[in-house]
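The values are calculated or read from the model by the stated rules, or taken from the named source; none is laboratory data. In this text the structure is predicted, and so the values were computed from the model without any measurement. Counting neighbours? That spans all protein chains shown, and the Cβs are built from the backbone with ideal geometry, glycine included. What goes into the accessible areas is simple: the full protein's heavy atoms, side chains included, and nothing from ligands, DNA or RNA. Shrake-Rupley method; radii C 1.70, N 1.55, O 1.52, S 1.80 Å.
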Amino acid sequence: MKESSLSVAPPLQTIQRKIFIRIGRPGYRVTKIRDPEGSGPDGKRMEGLLVQVYLPQIKDGVIPRRRIMSGWEQKKDVLNRNYQYLIVAAEPYETIAFRIPARKILEKDDYGSEWTWSHWDKDTKQFSFQFMFAE
């Protein structure tokens, strides 16, 4: 029988959590958009959202982030399968969330990639992005 020595796992490094003072919610505008020509699959008119977030006091070098979160992940509201959440975060502002329909969202690689885009304007400090629903 072979003798083997047990090795002890190295101690886990703890990651320091970022702590910063939140200065409130950013300004925002959400606009429903629709494809006027019906260039979606099967000639259907695609629908989507254009989101503009105004961040005049954002920290230098910080780029805003966005994420789609399913209803199963969130803990604030009662679970409703008909909705998902659009999350936008940027230091030092509070994170904002929008409840949107739980429909498939077109990615940049999917059909209609010209409709899905995002842009961070450093000069005006405005984060704009648009996405379309697949159906």
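Points worth noting:
- The number of Lys pairs in the range 65-135 with C-alpha atoms less than 30 Å apart, excluding pairs fewer than 8 positions apart on the same chain, is 8.
- Exposure check, 1.4 Å probe, all protein chains in place: residue 100 carries approximately 10 Å² of accessible surface.
- Selected from 30, 53, 88 as most flexible by GNM, with the chain as the system and alpha-carbon contacts under 10 Å: 30
- Once divided by 2.2 N^0.38 Å, the Cα radius of gyration of the range 15-74 becomes 1.68.
- Cα gyration tensor shape for the range 44-120, rounded if a/c is under 1.5, else prolate or oblate: oblate
- Loop-resident GluC sites (Glu not before Pro) (DSSP state other than H, G, I, E or B) in the range 49-121 with no more than 13 further Cβ atoms inside 10 Å of their Cβ: 73, 94, 107.
- Checking every one of the chymotrypsin sites (Phe, Trp or Tyr not before Pro) in the range 47-135 against DSSP loop status and a limit of 14 other Cβ atoms within 10 Å picks out 72, 111.
- Taking N as the residue count of the chain, its C-alpha radius of gyration divided by 2.2 N^0.38 Å amounts to 1.46.
- The range 45-90 pair-distance distribution - Cα-Cα, 5 Å bins, rounded %: 5, 15, 21, 17, 18, 14, 8, 2
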